[in-house]
Each structure stands twice: as structure tokens, then as C-alpha cells.
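The structure under discussion appears below in the form of C-alpha cells.
The values are calculated or read from the model by the stated rules, or taken from the named source; none is laboratory data. As the structure is a prediction and not an experimental result, all values here were calculated from the model. Here the Cβ positions follow ideal geometry from the backbone for every residue, glycine too, while neighbour counts run over all protein chains shown.
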Amino acid sequence: MDSDMSQTDESKGTFQNREHNGLATVPTSVTLSAEQFERLYLTPMRVRQSPIARKVGNPTPLALGGFVITTTPLSCCLMAWRGASGNGVAFIGPIIFLGGLLLLITSVLEFIIGNTFPCVVFGTIGGFWFAFAATMVPAFNAAAPYSTSTTDTAAGLASEGFMNTYAFLFITMAVLMLIFMICATRINVVYTLIFLSLLMVFLLLSGAYWELGQGNAAVGDRCVKGAGASLFVASLLGFYLLIVQLFESIGFPCSLPVGDLAAFWARKQNNYCHGFTLLRTTTVPHSAGTHVTCASFSRSKHPVKQSPMLACMFATD
């Protein structure tokens, strides 16, 4: 019994089976291209991929689902649509169980299959959702000490001292989103824009809290609405990326573009590797039966203006 497989393009493979003695081969696995892997797992495909990733499902859409379910209503609340208010107090349950829990579960699953970047992204954002919700839960007594009675959580959340202090958390998250955005430029445009939107969210929230802490309600409210608008953009991009991943997972015939950036970096890497100029090679005896070959290279178009690099290799006669 023998079988062969012909791959017509990067995303679809066709199997041709040849029956022999009543037996036929059945394909049990599918090989993903580097572009498909990055669209599904939101991380660059490495040469040595974890074998567990071939045996389990893709956990990334689970985190995206929790992300969009949490950020969409929260963004509408921050923009005060239909009279919404409270800065997300009404969404404590969804924030904990859909935002925090789902993202942390996905982070653990990404860790198991060896995807470091999604593991860090989902783990830190999921942890932030837990912390954000816990601050508004009276049982944690995080904001109540800032109130005049030291027992009123609602008054503590609106106090100047709390807002001036809590803004530093948003600034720290903004720095983290900047790092994530830089890393996402290795993957695709949509993923990068999500982190850019989240960066704007945390910058505007920090500014809003500091303005509200100083009593500038008009400026603070505008910053809060701006943060809500940026979060709404991030949620729409999250919905789009979720649709892309679900389409890929079920083999939907329509493939939506995400602005793949892996090819761009691959060209840059190839240009770097192929940009060396060979200056000279020298072979000298080393010991009985072996010799050393040394080659000097230069990255510059004008080797005289740049110090050459030296590479040596041992070989057996």
C-alpha cells in the first residue's frame, strides 16, 4: 500500500490514495504554512515547534472571544452610550469570568503548546482584568479606605486620592501595550493595531484619572470617552481577528486579509544575510589530518571603511 500527497497551494492539500489489497491510507494531520500558523496562533512559527501543538486544538480564539465580549460593552459604558455610567462596575461579573478567567486559561494552554508571546499577552491582560474587577469589589477593600468613612467603596472609587494613585496602573499597562505592539509588528497588521488601540486606551485613562483627581471634570470626562472610543476600535479589530481565526479553523473558503508582516521581516532578514561581501579566505594546517579555513567578510559596500568580520571552520583532510 502506498499513497502520495500533492499540495496545490499554501492553504489546501489534496490527498491521492492508492488502494492495495482492500486498504487505503487516510490523512490524519495537516501541515500548516508559516503564514497560516501565524494567522491561527498569533506568534511566529519556529523551526522546532512543540509536538503537543499538533495534537491539541488552537486555544487562541478562546482568548479573543473573552476579549471582545468584555471590551465591547465596557467601551460602550465608557462612551456613556444610552446613559451608561459607572466605569464598568456593572460588568464586574463578565470582567472576571469572561475577561480574566478565559484569558488566563488560554495563557496556560499557550504555555503548554510552547507559544510564549500569546502566553504572556493573554496572561498579563487576563491578570489585569482580575485586578481591575477586584478593585471595584467591596470585599477586597481596595477603594473604601480612600472615602471619608473608610468603608464606602463607591465614594472611594470617586475620590481624588484613589484616582491620582490608580492612574499609575494605567501608565504601566500603556508601557506594556507599547512593548506588545512592537512585538506584534513581527506578526500582522491587525494584531499590531489592536495593541496600538489599547495603548491609546491606557494613556487616555491615566490622563482622565489625573484630570478627575485634580477636579477637572470636563477634561477628564472627554478623556474617558476617548478611551472608550479607542477600546471600541480594539474590540472591532478583535472581532475581525476572531472571525479570521474561526474561518481558518474550519477551512472556510473565504480567507480574510490580516496584513501579514512575516514576509516583510523575512525579506529584511534575507537582505541582511545576503549583504556580506567576501574579502579573503585563508587555509592553514592545524594538526595531523585537519586544517583551518578562515574567511573575512564585510557588511559595507566599501570594505575599506568598515572593519571586516572573521569566520573560521575546522575541517578534516
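Values computed for the structure shown
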| quantity | calculated |
| --- | --- |
| Selection count where residues are at pLDDT 95 or above and part of a loop (DSSP other than H, G, I, E, B), scope region 242-264 | 0 |
| Qualifying positions in region 159-171 - surrounded by fewer than 16 Cβ atoms within 10 Å (Cβ to Cβ) and aromatic (Phe, Trp, Tyr) | Phe168 |
| Enumeration of residues in region 113-128 that are modelled with pLDDT under 95 and among the hydroxyl-bearing types (Ser, Thr, Tyr) | Thr116 |
| Single match in Ala174, Ala131, Ala139 (criterion: surrounded by fewer than 21 Cβ atoms within 10 Å (Cβ to Cβ), small (Gly, Ala, Ser), at pLDDT below 95 and over 17 Å from Pro61 (Cβ atoms)) | Ala139 |
| Exclusive hit being closer than 20 Å to Pro73 by Cα, of a type in the set (Gly, Ala, Ser) and crowded, with 19+ Cβ neighbours inside 10 Å, set Gly156, Gly207, Gly228 | Gly228 |
| Boolean, Ile95 is closer than 24 Å to Leu231 by Cα, of a type outside the set (Phe, Trp, Tyr) and modelled with pLDDT of 95 or more | yes |
| Scope region 185-241; condition basic (Lys, Arg) and either in a loop (DSSP other than H, G, I, E, B) or under 13 Å from the mean Cα position of the chain (by Cα) (or both); matching residues | Arg186 |
